[in-house]
Amino acid sequence: MKEIINSPSEISTSWIENLALEELNMEESGVVHMYDHLSPAHFLEESSIQFMDGLRDRFEIYVAKFNQYRSGKGNGAGIKVFKISNTANDFMLFRNSLRLVFSRKANDLITIGFLSNGKDLYAANLPDGAAQFQESLHEIRAHVGAFNSITWRFGGELVETDALVKHYLSEFIRNSAS
């Protein structure tokens, strides 16, 4: 089986940049962190922040396109994306008193839920066969694999970011239509 090699523009180099900076800091401070790369805690935090930033970026792209098509078609038709203050990178979508909230509850847990009228919390609808996950919030959990490889899962299934964004944005638009 032939291995697929990514082009240099697709390869993330942030980990090697961080490693170089850590080494410089180690030389300056004299403090050596020999085994940090073996603990998943740092990788979980980094991954959860990147996952949330990626979600928000995709939502902002699709919301801008939706708003572009809806502009001038009536008040309250546009969707707004807000960062939630005093958090690392939680965010929400807002339209017609409905909020779709994405919250990083822990380094390995992201919750997603609708908030209606500022008090009623409920989960998005799911296709048939996924009824066991109908709760007030959906949970996306990190899974740490070999060599601290981190994947994000919903109900044990691997999460595909574009499918997640399409599902929740479609649910939000349909539920917030006036």
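Readers should treat all values here as calculations from the given coordinates under stated rules, not as data from a laboratory. Since we're looking at a predicted model, the values are computed, not measured. Glycine also receives a Cβ, built like all others from the backbone with ideal geometry; neighbour counts cover every protein chain displayed.
Data for the structure
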read-out: Efficiency of FRET from Cβ geometry, PHE82 and TRP15, R₀ 35 Å, rounded to 0.05; value: 0.70
read-out: VAL159 long-range amide H proximity, modeled H, under 5 Å; value: TRP152, ARG153, PHE154
read-out: Cut-off 14 Å between beta-carbons: net charge of the residues surrounding GLU17, Lys and Arg +1, Asp and Glu -1; value: -3
read-out: Ranked list, fewest to most other Cβ atoms within 10 Å of each Cβ, for PHE66, PHE114; value: PHE66, PHE114
read-out: Potential extension, SER29-SER116 segment - 0.36 nm per residue separation minus Cα distance; value: 26.3 nm
read-out: Inter-probe distance in nm under a simple model that places probes 7 Å from Cα toward Cβ, at TYR69 and LYS105; value: 3.3
read-out: Sequence-distant residues sharing a close amide H with PHE91 (under 5 Å, placed H); value: ILE84, PHE102
read-out: Virtual spin-label span in nm between SER97 and ASP53, 7 Å along Cα→Cβ; value: 3.7
read-out: Theoretical FRET efficiency, 1/(1+(r/R0)^6), r = Cβ-Cβ of GLU46 and ASN125, R0 45 Å, to 0.05; value: 0.90
